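This report concerns only the one structure given below.
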Amino acid sequence: MLIKELILFYKRNLNICLFVYIQITIFMVLIGTFYSFIYDLDFENSDMKKMYEDNAIYQMIDNYVDGNEFNKFVVQKDSLSKLKNFYNGLENAESFHYITIANQHLLITDQSIPDKFAYGYANGMEVPSVNVDNKVYKPIKSLQINLNGAKFFNLKAAEGKVWNEEDFVIQNTMPIILGDSYHDIYKVGDKLHIKYLEKDINCIVIGFLEKNSKIFYQNNLEFYLDDYILMPMWNYIMQPQSEFEARYQMMNYFNMINGYLVTKNNKNDINRMMQELESISKDASFDGYTFIGYNPHVKKYQDISVILQENKNLIKIILTMSCILNIILILFISYLQYKNERYYYNVFLIQGAKKSFIITLKFLEIMLIVLAAFLTQLYILNHLLKIGEFATYIKAGYIGVFVILSYVIFGTNLLLNNKELKIDKEEEV
Amino acid sequence: MIKLKNLIFISFFTVVIIFIVQIIFYNMRQNDLVLISNNFYTNNYTVFYDQDLEKWRNTEIGDKCRLFVEYDNNTRFCLENNEWNPPIIKGKFFSKGLKGKKAVVGKDIEKQAEHLNGKKIISLNNEKYEIIGILGGDFTSKSDSLVLLYGGEIPKQNRYKIVLDGDSKKEIRNITKRIMRQYPNLIHAEPDIEGVARVTGTLFFQRLLNLNGFILVCFLIFIFFAFWERMHKKENYVLYLLGVNNKRIMLYYIRNILANFTFSIIVSCFYILVVMKDINILVQPALIHILFGFVLLSVVIALGLLRGTMNKNFA
């Protein structure tokens, strides 16, 4: 009989039920999106907090900016081994993390790559075609980063994988990671042939970064990697076999000894870092470095942090009011339902139906609508919008619980306190 | 003495109007945050590189867009602003027909300004600009080092970076297409958007919030007036039995609704002025249009429901 009554109820009140279903679905989608958004916001905040709060970051460059000084150093017999030893010392330091990033473009023969990936595009430079050995190349934006850097910035792959330690050892094929914008052009496993610092290198795509992946670089906390090809900074252990190889390794190592030293922002750790750096410099017989910046990230991190918090607070106010108004809406609907349906419920009570039957009926009326809204919300968030996780969808479902409770408690209260029909107060539920 | 029914009406619609105001406030604040965190550009801006600046002074960009010439990362000249109102802490932004060399700067630049004849001045290339406004929000941001200039001579460069910005992405795209058709040799580049919109993807959420707000308000109006009509059913029926014209009944009904709306709007304004302490929202065209539409929609729905009941029961 319960099911029959339910079907009759839905037939009589199809419009109102549709109304409620649509509104609760939209609200659940909003709550689900909100929780996903807050999770991302908190994650972003805590990610940035882990990276930048309580950390001292020192920017280091080499002293060979002047052409004459550079030439004087390069012609020394052991200049390359000095650079290698210095870099290895930095890379394996115990009291600090050494992060090095270079912005050297690479050349690619594929002319169909859109101009937005070309080196200099963002600065309005015309995209040249580079002719080398009768082949036409296009200069493409790329970044070279060391293992410490990739770990520090917590680079994550949306598809494929990011580097591990073995990828930073020289091999026949260089594993490269592409920014999210390359999704339509390449796929994981694709092989590329590039020219980097005049050297031919075979590469293989091992992964794509998550959309809007970013690092701190060039004084910018939001240096986005979507349009970049990322290359691992290889450590060239073996001796160069030719002058070309020697020049290539020299250019690489000059890039690699310019970077950031990261340690905890307290006197002891900073002192330890300085002492270890001095020791590395002595061991490598290389002292051509200078610090040019200290904690360039702090203000920018604080700025972004404040803005994210402001954003979160604004949204919470709107959502709280939305929640209250949704509950009020449900109460009004419950009241209108009571007015429409009270004769039917009166007939049930006259025929001897118990209170439990009324409560169960009222519960099922709203529960099925809320369940349908919940499943629709699940589909929309998971399949259509593809945001959030299972926990997010369940949290959105809590709204459904509030709705059900409001509807049932208020509606049942009206019905059972109905003055038109005196109900025996001793009647058991 | 206000009846309980009317009190319910006034309370309910006060909450709804405050909800609408909060959504408008959220949208305004969100737009401000996007601007402040993206160096005072919206997410729609686009960039051109050109050696000739003169043609840009006469380029038609419509009423809702603005044109800048970037001198460096922190300094730009405003060629055309079309009544743009960015977040300003003090003073005002450049208005149409403004004369003289004026500047609107970030908080950090204001601290470094010179004082001359009671005015704050900054200099660029031996030209002095009077500071008429301070940009930014009530927190620090990279926009605190920004300098926007108007009216002075733009220093000669080999190539100018022209920035076209506006509130509508569609309009920016259309203007870009027109400009590229007119000057095919121009270099056009899509810039990298920064700031809160990209870090957190808030724009999508903002649209969802607005959609939810709109549908919720529409549902609320409908359900409330169904409830309201129910509350007045007996009263209206008695009037009908007493021989009162249907039109008069509807007029009396609408008069009651409009009176209650007036009280709701007055209480909401009080809330905005005393609790939110923001008089700017009250003069926002968006709020006035939305409230007008809201009241109109309510009256139409109320009349529609009453008419339905009359046709069904008063025959």
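Only the coordinates and a few stated rules stand behind these numbers; no lab work does. Note that the coordinates shown come from a computational prediction; the quantities given were computed from them, not determined experimentally. Note: ideal-geometry Cβ built from the backbone for every residue, glycine included; neighbour counts use all protein chains shown.
Using all pairs of distinct alpha-carbon atoms, the Kirkwood hydrodynamic radius of chain B works out to 23.3 angstrom.
If you take all other residues with their beta carbon under 10 Å from the beta carbon of A:C203, and give Lys and Arg +1 and Asp and Glu -1, the sum is 0.
For the pair A:I409 and A:E245, a Förster radius of 56 Å applied to the C-beta separation gives a FRET efficiency near 0.10, rounded to the nearest 0.05. Listing B:Y150, B:Y49 from fewest to most neighbouring C-beta atoms within 10 Å gives B:Y49, B:Y150. The shape of the protein assembly as shown can be summarised by an equivalent ellipsoid whose semi-axes, obtained from the alpha carbon gyration tensor, come to 62, 34, 23 Å from longest to shortest. Is any residue of the range B:66-94 close enough, with backbone N under 14 Å, to a label point placed 7 angstrom from the Cα of A:N219 along the Cα-Cβ axis, and if so, which? Backbone N within reach: B:72-75. Taking the inverse of the mean reciprocal distance over all distinct Cα pairs, the Kirkwood hydrodynamic radius of chain A comes to 26.9 Å. Label separation (A:I324 vs A:A122): 4.4 nm, computed from points 7 Å beyond Cα along the C-beta direction.
Peptide B:185-195 has a mean shielding of 4, counted as Cβ atoms of other protein chains within 10 Å of each residue's Cβ. Relative to the current alpha-carbon distance between A:L375 and A:F390, full extension at 0.36 nm per residue lengthens the span by 4.2 nm.
Provide the FRET efficiency to the nearest 0.05 for the A:K339-B:D192 pair, computing r from the beta carbons and using R0 = 60 Å. It comes to 0.55.
3J(HN,Hα) couplings calculated from phi for the range B:218-230 with the Karplus curve 6.51 cos²θ - 1.76 cosθ + 1.60 (θ = phi - 60°) are, in sequence order, 4, 4, 4, 4, 4, 5, 5, 6, 5, 5, 5, 5, 4 Hz; Gly and Pro show x.
Farthest toward the positive end of the dipole of the range A:55-296, out of A:G149, A:L197, A:V130, is the Cα of A:G149, where the dipole comes from beta carbon charges about the Cα centre.
If a spin label sat at a point 7 angstrom from the Cα of A:N63 along the line to its beta carbon, the backbone N atoms of the range A:257-293 nearer than 17 Å would be those of A:257-259, A:277-293.
What dipole magnitude, in Debye to the nearest 20, does chain A give about its Cα centre under +1 on Lys/Arg Cβ and -1 on Asp/Glu Cβ?
Roughly 1720 debye for chain A.
Selection among B:N85, B:S141, B:A113 by position relative to the dipole of the range B:39-193 gives B:N85 as farthest towards the positive end (Cβ unit charges, Cα centre).
Charge tally for B:E83 (other residues, Cβ to Cβ under 13 Å; Lys, Arg +1; Asp, Glu -1): +1. Compute the helix-to-body angle for A:390-416: its Cα long axis versus the longest principal axis of chain A, expressed 0 to 90° and rounded to tens. Long axis of A:390-416 versus the principal axis of chain A: about 20 degrees. Inter-chain neighbour count for B:217-223: the average number of beta-carbon atoms from partner chains within 10 Å of each residue's beta-carbon is 5.
Taking 8 Å as the Cα distance limit and 6 or more residues as the minimum spacing, I'd like the relative contact order of chain B as a percentage. So the answer I get is 24 percent. With a Förster radius of 51 Å applied to the C-beta separation of A:I22 and B:R178, the computed FRET efficiency comes to 0.80. Applying a threshold of 28 Å to the alpha-carbon distances of A:K386/B:K169; A:K312/B:K96; B:K55/B:K128; B:K96/B:K170 flags A:K312/B:K96 as lying beyond it. The gain in end-to-end length when the A:N346 to A:Q275 segment is fully stretched comes to 16.8 nm, 0.36 nm per residue minus the alpha carbon separation. Model label points for B:I266 and B:F292, set 7 angstrom from Cα along the Cα-to-Cβ axis, are 2.3 nm apart. Label-to-label distance for A:N15 and B:F204 is 3.6 nm, based on points extended 7 Å past Cα in the beta-carbon direction. Relative to the longest principal axis of the Cα atoms of chain B, the long axis of helix B:246-271 lies at roughly 40 degrees. Each Lys and Arg Cβ is given +1 and each Asp and Glu Cβ -1; about its Cα centre, the protein assembly as shown then shows a dipole of about 3880 debye.
Here the extension length gained between A:E210 and A:Q309 equals 33.3 nm, from 0.36 nm per residue of separation less the Cα-Cα distance. In the range B:158-284, taking the dipole from charged Cβ atoms about the Cα centre, the farthest positive-side position among B:N158, B:S264, B:W228 is held by B:W228. Below 8 Å between Cα atoms, with a sequence gap of 6+, how large is the relative contact order for the range B:39-193 in percent? Once normalised by length, the contact order is 38 percent.
If the Kirkwood radius is taken over C-alpha pairs of the range A:55-296, then at 10 °C and 1.306 mPa s the Stokes-Einstein diffusion coefficient equals 84 µm²/s. Counting only Cβ charges, +1 for Lys and Arg and -1 for Asp and Glu, the dipole size of chain B around its Cα centre is about 1280 debye. Longest exposed-loop-site-free stretch of chain B, with GluC sites (Glu not before Pro), DSSP loop and at most 12 other Cβ within 10 Å? Formally, the longest exposed-site-free interval is B:154-315. Peptide B:15-22 has a mean shielding of 3, counted as Cβ atoms of other protein chains within 10 Å of each residue's Cβ.
Computed over neighbours whose Cβ is under 13 Å from that of A:V74, the net charge equals -1, Lys and Arg +1, Asp and Glu -1.
Computed from Cα positions, the angle between helix A:243-256 and the longest principal axis of chain A comes to roughly 50 degrees. Under 5 Å from the amide H of A:Y137 lie the amide H atoms of A:V130, A:N131, A:V132, each residue being 5 or more positions distant or on a separate chain, with H modelled from the backbone and absent for Pro and chain starts.
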